[in-house]
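First up is the structure itself, then whatever we jot down about it.
The values are calculated or read from the model by the stated rules, or taken from the named source; none is laboratory data. Predicted, not measured: the structure shown is a model, and the values here were computed from it. A quick note on method: Cβ atoms are made from the backbone with ideal geometry, for glycine too, and the neighbour counts reach across all protein chains shown. Note: areas computed on protein heavy atoms with side chains; ligands, DNA, RNA excluded. Shrake-Rupley method; radii C 1.70, N 1.55, O 1.52, S 1.80 Å.
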Amino acid sequence: MIDYYKVLGVRQNATLAEIKRAYREKVKNLHPDVTGTHESSAEFDSVVQAYRVLSDMRQRSIFDESFFIKIKRSYANADSFNYYEWLSARDDEESRAKLIFYTLMHQKEDEAVSEFKRMQMNHADFSLKKWFTREDFMDYGYILAEELVIRGEFYDAFILLEQIIQMEYSYHYFHLFFEDVLDFTLSILRKNIDGVLPDELALDVFERALELDFGKKHDNFFFEKMAEEYTRIGDDFAAKVCRDAIG
């Protein structure tokens, strides 16, 4: 029986976020569209199957029970250094930023989102991306955006995704997965902005979306929604400008 943890190169108690990241890294290097050959197709298929099993809670539980007689988990000595407690006790922006991603990766998603929101509220210039490598920010930022959407924090999720999309345009990292990033962002723009956010915030989102090169069809949708938002706040001139921009 194949050890799916070994296939993805993750530990047996890996979080879902770690599994997702490992899967993306493996697929980027193995996909025939990237390698230009079909020699790695068997390994590619194994990676896809491993991800399907380990990313599904029920299938992963069944796999663990059938594959491992006993899963050995190692715990740090009680007197050892506790990175989580160390970060939690510090107030500087870098430590709080690292705490957000640390908790996100250690099954403390609610705490990660709560700390992210708190830092945004109390620090107008707070930015996660300046404390991480581009790759780490893009990976964990995307996962944080997913958690924000689950909790109905659509504006903050979009702002994170906007930064990730702009980074991808300047430096290709997600490659094949970038379509998923775009689809996720478009889903938010089409379903969770108009009528959900206050008009001013919705306008800000749609204006930003126009700069992300989604294409004419989607830009027309953004202009239409902006026209509706301007009409609601009584700015008929701006509404007309938006409608005239629809091509």
Self-check item: Lone qualifier among ILE143, ILE100, ILE150 - being within 19 Å of THR15 (Cα to Cα), open to solvent by 30 Å² or more (accessible area, probe 1.4 Å) and aliphatic (A, V, I, L, M)
Solution: ILE150
Quiz item: Looking at TYR169, TYR140, which one is of a type in the set (Phe, Trp, Tyr), touching a Leu at 6+ places or on another chain (Cβ under 7 Å) and part of a helix (DSSP H, G or I)?
Solution: TYR140
Practice problem: Among the numbered conditions (1) open to solvent by less than 70 Å² (accessible area, probe 1.4 Å); (2) part of a loop (DSSP other than H, G, I, E, B); (3) over 24 Å from TYR173 (Cα atoms), tell me where SER127 comes up short. | Solution: (3)
Quiz prompt | Members of segment 188-247 found to be part of a loop (DSSP other than H, G, I, E, B), under 29 Å from the mean Cα position of the chain (by Cα) and within 25 Å of GLU153 (Cβ to Cβ), listed by number | solution = ASN192, ILE193, ASP194, GLY195, VAL196, LEU197, PRO198, ASP213, PHE214
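Residue by residue, here is whether (1) acidic (Asp, Glu); (2) more than 24 Å from LEU30 (Cβ to Cβ); (3) open to solvent by less than 30 Å² (accessible area, probe 1.4 Å) holds:
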site: GLU162; (1), (2), (3): yes, yes, yes
site: SER170; (1), (2), (3): no, yes, no
site: PHE178; (1), (2), (3): no, no, yes
site: PHE184; (1), (2), (3): no, no, no
site: ARG190; (1), (2), (3): no, yes, no
site: VAL196; (1), (2), (3): no, yes, no
site: LEU201; (1), (2), (3): no, yes, no
site: VAL205; (1), (2), (3): no, yes, yes
